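The values are calculated or read from the model by the stated rules, or taken from the named source; none is laboratory data. Worth saying up front: this structure is predicted, and the values here are computed from it rather than measured. Note: ideal-geometry Cβ built from the backbone for every residue, glycine included; neighbour counts use all protein chains shown.
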Amino acid sequence: MKATLLYIIDPDTFEVLLATKGRGVGAGFLFGYGGKLEDEDGGDMKKCTIREFKDESGGVSIEKYYEKLEPMALIRFFRGEDKNPLIDEPSFEVLCFRLFASSSEFVKVIDTDEMEQPTWFKINDIPFNNPTKMKPGDELFVPHVISGNTVKGYIWFEKETNKVIGSQIDFCTKEALLA
């Protein structure tokens, strides 16, 4: 399964928009907005990001930002000790985007059943070390996305838990993310 995540950063306040995932993979944890690539997206991950943000934000459109969506990370996720991240297909993979935009443009973002309590966090106050707030493994790639480092890699979880049992995150070019 392919999916996207979007991290919107206000360049004036250095805050990032996160919300608590209401259902599905990662329910109860803070995330950027995003979701699964659908047929209607025509394979275009930016279109997926725009559609998912609109669905999850209560109807706020970011279509005008299509060209400004920056791919920053491609992370492959594996679950289960019997998996081998070097040869097996991932459980899912996520292409992460970054967007600089004023928080004042997003005052209409509301709670939805998918994303609850949208909140702007100071970048230094994102609770990466709090396992009840952030999903384990996010601390390995989200700071890179926010700070502008382009990375590619994998995170490997135990079969039945969110415990990370392996990972590799490497710097790369933006072109490598889309290859």
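Any idea which residue in the range 97-111 is surrounded by the fewest Cβ atoms within 10 Å (Cβ to Cβ), counting only those that are in contact (Cβ under 8 Å) with a residue 24 or more places away in the chain and over 25 Å from PRO71 (Cβ atoms)?
The residue in question is LYS108.
Those residues that are part of a loop (DSSP other than H, G, I, E, B) and either among the charged types (D, E, K, R) or surrounded by 15 or more Cβ atoms within 10 Å (Cβ to Cβ) (or both), I need them from the range 135-150; list them, please.
LYS135, PRO136, GLY137, THR150
Which of the residues belonging to the range 56-74 are without any contact (Cβ under 8 Å) to a residue 60 or more places away in the chain, closer than 22 Å to THR119 by Cβ and not hydroxyl-bearing (Ser, Thr, Tyr)?
GLU56, GLY58, GLY59, VAL60, ILE62 - these are the residues of the range 56-74 that are without any contact (Cβ under 8 Å) to a residue 60 or more places away in the chain, closer than 22 Å to THR119 by Cβ and not hydroxyl-bearing (Ser, Thr, Tyr).
Looking at (1) assigned to a helix (DSSP H, G or I); (2) of a type outside the set (Phe, Trp, Tyr); (3) surrounded by fewer than 17 Cβ atoms within 10 Å (Cβ to Cβ), which one does ARG51 not meet, given that it meets all the others?
It fails just one condition, (3).
I'm trying to understand the selection: among the residues of the range 122-171, which are charged (D, E, K, R) and over 19 Å from GLU15 (Cα atoms)?
Within the range 122-171, LYS135, LYS152, GLU158, LYS159, GLU160, LYS163, ASP170 qualify.
With closer than 22 Å to ASP113 by Cα, modelled with pLDDT of 95 or more and not acidic (Asp, Glu) as the only criterion, which of PHE97, PHE53, PHE77 stands out?
Unique residue meeting the criteria: PHE53.
Quick one: is VAL94 buried (at least 16 other Cβ atoms within 10 Å of the Cβ), in a loop (DSSP other than H, G, I, E, B) and in contact with a Ser or Thr (Cβ under 8 Å, 6 or more places away or on another chain)?
So VAL94 does not fit the description; no.
Select from the range 112-130 the residues that are free of Cβ contacts under 8 Å to residues at least 12 places away in the same chain and in a loop (DSSP other than H, G, I, E, B) and list them in ascending order.
The answer is ASN129, ASN130.
Answer with yes or no whether ILE9 is in a strand (DSSP E or B), within 18 Å of ILE155 (Cα to Cα) and in contact with a strand residue (DSSP E or B) (Cβ under 9 Å, 6 or more places away or on another chain).
Judged against the criteria, ILE9 is not a match.
So how many residues does the range 154-179 have that are part of a loop (DSSP other than H, G, I, E, B), β-branched (Val, Ile, Thr) and over 17 Å from MET45 (Cβ atoms)?
Summing the residues that are part of a loop (DSSP other than H, G, I, E, B), β-branched (Val, Ile, Thr) and over 17 Å from MET45 (Cβ atoms) in the range 154-179 gives 1.
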